[in-house]
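Below is one structure, written out as structure tokens; comments come after it.
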Ligand code: SF4
């Protein structure tokens, strides 16, 4: 039976989603909508915390993400799908929570420095060698233009997203619980300061999702130019599969190899029900990489083609998309308004 507990999750709009987003998050969202009262959102305000000066495609990217979500199986009859900036209560609560957030919490936030490092790595990818990049990273003293007020405060915005919808659960990987801590801490701090518990303290909802590497073996990310995009031209996908990173020690087709670290094998684990057999064949040198890649592509092709076809039906029905966005906005705003009213009353902003 479906629980009435609220689950909340969001994703920054970076345009069409890639297979890393699909297998790493979206498929899980689709499964969760049958089990909980889910709120899924396009985190466009979060994009501004790091890319405030690159907004030229922001609205189009939000729409592309929505279309991918719907194509993947998110069903507006089963869950609430909305765009973060469409719900003004989010920005209002973010301001109020910002007032009670100690600066030290944000500066000590372990993900703050990690994020800065990750962003700089992406920014200078391909431009700096490893040594120069290391020097650059160690010289960071907050003078990079990414260290904005909004960026420092992104954990408060993230907490706001969770608390305003009264989410009981937030899907996270085992290594991401730090993201939730600030939401839990803020819920408690609010109760301490104002004497009333208004927010639900969110719990992590641990999920085992597939980790999908990029075609070069690094994390799949647009900034590394190593993605396979949902809806991508199928010939382009074929070329990318054939160019995937494999075990570099395997020179000839019948050399034994190590599938660990081979991108092709990582994909076989997702698409091939006989991946365990492939693992043995690879170790025994019973298959060459070219044949292995061709087989992988044959396994991926039907799913990707079907996705592209389904995607077109949403792309071509703007009226339906607008209706879904409007309904999502209405539901998310109505739920958020209840929380905000209780917050303002408790803070004595209203009588
Ligand atoms: S045979 Fe397949 S799994 Fe083994 S290294 Fe080559 S591509 Fe990877």
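The values are calculated or read from the model by the stated rules, or taken from the named source; none is laboratory data. All figures in this text were calculated on a predicted structure; none of them were measured in a lab. As a convention, Cβ positions derive from the backbone with ideal geometry for all residues, glycine included, and neighbour counts pool all protein chains shown.
Name the pairs: first residue in segment 277-289 and within 18 Å of residue 244 (Cα to Cα) and in contact (Cβ under 8 Å) with a residue 60 or more places away in the chain, second residue within 7 Å of the ligand (Cβ to nearest atom) and part of a loop (DSSP other than H, G, I, E, B), Cβ to Cβ under 7 Å, at least 6 apart or on different chains?
none
Name the residues in segment 75-85 that are surrounded by fewer than 21 Cβ atoms within 10 Å (Cβ to Cβ) and either in contact with a strand residue (DSSP E or B) (Cβ under 7 Å, 6 or more places away or on another chain) or under 10 Å from residue 41 (Cα atoms) (or both), would you?
Let us first name the residues in segment 75-85 that are surrounded by fewer than 21 Cβ atoms within 10 Å (Cβ to Cβ), namely 75-78, 85.
Matches in segment 75-85: 85 only.
Surrounded by fewer than 18 Cβ atoms within 10 Å (Cβ to Cβ) and not in a loop (DSSP other than H, G, I, E, B): does that describe residue 351?
Judged against the criteria, residue 351 is not a match.
For segment 299-306, state whether one or more residues are within 29 Å of residue 27 (Cα to Cα), within 10 Å of the ligand (Cβ to nearest atom) and modelled with pLDDT of 95 or more.
No; the residues of segment 299-306 include none that is within 29 Å of residue 27 (Cα to Cα), within 10 Å of the ligand (Cβ to nearest atom) and modelled with pLDDT of 95 or more.
When segment 62-92 is examined, which residues are found to be without any contact (Cβ under 8 Å) to a residue 60 or more places away in the chain and in a helix (DSSP H, G or I)?
Scanning segment 62-92 gives 62, 64, 65, 69, 85, 91.
Within segment 168-207, can you find the residues that are under 16 Å from residue 105 (Cα atoms) and under 27 Å from the mean Cα position of the chain (by Cα)?
Answer for segment 168-207, where residues must be under 16 Å from residue 105 (Cα atoms) and under 27 Å from the mean Cα position of the chain (by Cα): 177, 178, 179, 180, 181, 182, 183, 184, 185, 186, 187, 188.
Restricting attention to segment 178-195, does a residue exist that is away from the ligand (no atom under 16 Å from the Cβ), out of contact with any strand residue (DSSP E or B) (no Cβ under 8 Å at 6 or more places or on another chain) and assigned to a loop (DSSP other than H, G, I, E, B)?
Checked segment 178-195: at least one residue is away from the ligand (no atom under 16 Å from the Cβ), out of contact with any strand residue (DSSP E or B) (no Cβ under 8 Å at 6 or more places or on another chain) and assigned to a loop (DSSP other than H, G, I, E, B).
Which ones in segment 276-295 are more than 7 Å from the ligand (Cβ to nearest atom) and outside any helix (DSSP H, G or I)?
285, 286
Restricting to segment 196-207, name every residue that is buried (at least 18 other Cβ atoms within 10 Å of the Cβ) and part of a strand (DSSP E or B).
205 - this is the single residue of segment 196-207 that is buried (at least 18 other Cβ atoms within 10 Å of the Cβ) and part of a strand (DSSP E or B).
So that you can scan it fast, the table gives a plain yes or no per residue for (1) modelled with pLDDT under 95; (2) more than 13 Å from the ligand (Cβ to nearest atom):
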residue	(1), (2)
201	no, yes
224	yes, yes
241	no, no
252	yes, no
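The rows are residues; the columns are (1) surrounded by fewer than 16 Cβ atoms within 10 Å (Cβ to Cβ); (2) in a helix (DSSP H, G or I); (3) out of contact with any strand residue (DSSP E or B) (no Cβ under 8 Å at 6 or more places or on another chain).
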| site | (1), (2), (3) |
| --- | --- |
| 215 | no, no, yes |
| 232 | no, no, yes |
| 235 | yes, yes, yes |
| 240 | no, yes, yes |
| 244 | no, no, yes |
| 247 | no, no, yes |
| 252 | yes, no, yes |
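Is there a residue in segment 171-188 that is surrounded by 16 or more Cβ atoms within 10 Å (Cβ to Cβ), in contact with a helix residue (DSSP H, G or I) (Cβ under 9 Å, 6 or more places away or on another chain) and modelled with pLDDT under 75?
yes
Any chance segment 165-188 includes a residue that's under 30 Å from residue 298 (Cβ atoms) and assigned by TED's automatic domain parsing to the domain that holds residue 41?
No - not one qualifying residue is present in segment 165-188.
Could you check segment 27-46 and list, in sequence order, the residues that are over 20 Å from residue 1 (Cβ atoms) and touching a helix residue (DSSP H, G or I) at 6+ places or on another chain (Cβ under 6 Å)?
40, 41, 42, 43, 44, 45
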